[in-house]
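As structure tokens, the structure follows; a few thoughts come after it.
The values are calculated or read from the model by the stated rules, or taken from the named source; none is laboratory data. Bear in mind the structure is a predicted one, so any value in this text is a computation, not a measurement. No Cβ is skipped: glycine too gets one built from the backbone with ideal geometry, and neighbour counts run over all protein chains shown. For accessibility, only protein heavy atoms count, side chains too; no ligands or nucleic acids. Shrake-Rupley method; radii C 1.70, N 1.55, O 1.52, S 1.80 Å.
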Amino acid sequence: MKSALIAIALLGLVGCMKKKTAIATGPVEWEPVALPVPAGYAKVVVKSVRGTGPDDVWVLAAAQRTDDRGAPYGLSFHFDGTTWRAAEVPARATKAIWPVSPTEAWAVGAYGTVARWDGQRWTATKIEGVDFDLLDVVAWHDDVWVAAAGPELLHFDGARWRKEAPPELAGTSVHEVFGEADGTVLVPRNLAGKVPAVLRRSPDGAWRLDEVGPGGVVHLAGSSPADRWAIGAMELAYHSDGRAWRATPLAGTRTLGAWATSPTEAYLVGVGGSIQRWDGAAWQPSASGTDADLWTVFAPPGMKPLVGGAAGLLRRK
Amino acid sequence: MGGPNDAAMAEPHTWWGDTFNAGVNALTAATGYDSHRVTDNPAGPADNPFYRDNASHMPGWGNTFGLDFLDPHGLPSGATAQDRATNYVGQDDPTGVWADVRRRLVDNEGAAINALPKDAAGNPDGNISFLDVYGAHVDAYSGAQQAAHADGRDPTANNSFVDPASFALAMYGAPLMEHLGINAGPITGASIDYFNDPTDSATSGWAKRMGLAGAEMGAGAAMMLNPLTAPLGLATMGLGAFGGVWNTATAVGNGMLGEWGGAIADGASAAGGAIASGAQAVGGAISDGASWVGDGLGNLTGLW
């Protein structure tokens, strides 16, 4: 009996150490979007939403086959401004997607898998010698950059894949990459004992390190070089107007995705259905109506923002 | 698929093995985990072939014994254990810590293989050691967790890697299941998800494994009652005791005591007293209350 009480006390101790989650209260500001899930699929989890504009939006998702109790399959959904259409994504390339044009998009996923959309179908390949997960991607035509939990980026130049390892990334683990319209590549740089920073590759190929501030940089977003965000996991987000980084407090929920629409509009999503909206002065909670984790947000000018996660796809009312 | 050892290392499927694994999958689903293959999708190439492609350089028994009846794949057992582990574990990975661990394992063990003596054609010749593989795992967990701390993705990921005795049991024992027609993947993945999740805190990982150690000791004590099973019981008790001591030491080293602060200080103090009196009490409670769990968990820990 005594030992049973000890075990219960220990379990309680473990329970007390769960990470905190804060859910916004107030009127629900988001509504479900009905995706055309093909017959035979269920439990759709949206992993990544990206696009080149309101008439070229991609949703990358993992979904369970109802006739197969195995691992989830990949699905993608494309919105042309009027209609959503579904297409299977081969081989679990379900970590991240980056559209280049209506006839070119890139998706990445497990164990070196890269899938390319040619306007008609997805074709998957495995990067030779890469036996680990690909976590994020940005792309321009014949210019693709992939983060893969290592001290480098993987780069496709239209002919072959190579590792590009600027010395600033030595000893780090890169989980996210972000791209700007002019071809600039941004990467978080976090290293014990160093000020968290953003490593920036300009289109001419030069790398430059911008120190941000304490707290770590997990996600990157931006609408222009004068509107960049370096976002921490829970407590702080830094905004740059092109001259200096300025810290802004977050709500304390773990962020899993970010998007910046303009200097006065940006979004963060995260665990427990959390959504935070930047109004130009502060981050405001926005009630999603779900407590399921939200992984991704896409909010370009001219369309209602989309967020996605375990609850499927949601659109701001 | 299509590597040099893919056919030899194909997962076995028998009615009894698949029935067993259906039970494992149902149990893990009921507890919020997923022990299916990470990449079942037949439409594409994606799984991790590293341990199959490099199987001949892994440690463990295989053709070494020259005993076909003990030899499901004809390749070192460490290859099978790790292939099943990497392709079945860590399905849900919101912070990327699992991805980081997998990456570091491939990098570390790939470096160890590259450091082997070269044959006439310049290819690695021989096998890396058990300690190479164990060290690669310890480093991978630590490195991935430090990276998650550095950027704040998962500041509470502190669970240390499992003790070497349990790891050795998995490395050398997992393929035996496959010889019996049971795909070792689901239970290997489940056991790691439960008992060696790198995203757990030091405290929660320690508590899970102390329960396991207690269950092993309880099961071993039960076996000691029968002279025929007494030697195995003694070994099982020894495994549990070793695991308990090792895991406590590594959990403390990974900051477990530092986690016991603030509002839970009083509770932690009581737990500390309990710890001082020995992990046996915790394990005893669990094994007393659910001896069937003890047997099941005893098997699970042996698979990783």
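Solvent-accessible surface of protein heavy atoms, probed at 1.4 angstrom with all chains present, puts B:Asp197, B:Asp53, A:Asp182 in the order A:Asp182, B:Asp53, B:Asp197, largest first.
Enter the accessible area per residue of the range B:1-200 (Å², integer; probe 1.4 Å; all protein chains in place).
Working: 7200 Å² over 200 residues.
On a per-residue basis, the range B:1-200 sits at 36 Å².
Beyond a 23 Å Cα-Cα separation, which of these cross-linked pairs lie in this structure: A:Lys126/A:Lys194; A:Lys95/A:Lys163; A:Lys95/A:Lys317; A:Lys126/A:Lys163?
A:Lys126/A:Lys194; A:Lys95/A:Lys317
When chain A is treated as a Gaussian network with alpha carbon springs shorter than 10 Å, the biggest mean-square fluctuation among A:Asp143, A:Asp131, A:Asp67 belongs to A:Asp67. Using a simple spin-label model with pseudo-atoms 7 Å out from Cα toward Cβ, B:Ala249 and A:Ser101 lie 6.3 nm apart. Accessible area ranking (1.4 Å probe, heavy atoms, ligands and nucleic acids excluded), largest first, for A:Leu75, B:Leu27: B:Leu27, A:Leu75.
For the peptides A:122-129, A:290-297, A:215-222, what is the packing order when you average, over each peptide's residues, the other Cβ atoms within 10 Å and list the highest mean first?
Working: A:122-129: 16.2, A:290-297: 22.1, A:215-222: 24.5.
Descending mean neighbour count gives A:215-222, A:290-297, A:122-129.
For the range A:178-317, the gyration tensor built on C-alpha atoms gives a prolate shape. Its axis ratio a/c (a ≥ b ≥ c) is at least 1.5, and a/b is the larger of a/b and b/c. What FRET efficiency do you get for A:Thr25 and A:Arg246 if R0 is 35 Å and r is their Cβ-Cβ distance, rounded to the nearest 0.05? Step by step, r from the Cβ atoms, then E = 0.80.
Please find the FRET efficiency linking B:Phe242 to A:Thr82, where r is the Cβ-Cβ separation and R0 is fixed at 56 Å, and quote it to the nearest 0.05. Walk me through the intermediate numbers first.
Details: r = 65 Å, r/R0 = 1.16.
The calculated FRET efficiency here is 0.30.
The figure for A:Phe178 is an accessible area of roughly 10 square angstrom, using a 1.4 Å probe on the protein chains alone. Heavy-atom accessible area with a 1.4 Å probe sorts A:Leu35, B:Leu234, A:Leu153, largest first, into B:Leu234, A:Leu35, A:Leu153. Once C-alpha pairs closer than 8 Å and six or more residues apart are averaged by separation and normalised to the residue number of chain A, the relative contact order reads 15 percent. Counting every alpha-carbon pair across chain A, the share separated by more than 28 Å comes to 40%.
Among the trypsin sites (Lys or Arg not before Pro) within the range A:223-298, those in coil by DSSP and having at most 11 neighbouring Cβ atoms inside 10 Å are A:Arg243. For the range B:1-200, the C-alpha radius of gyration divided by 2.2 N^0.38 Å, with N the number of residues, is 1.01.
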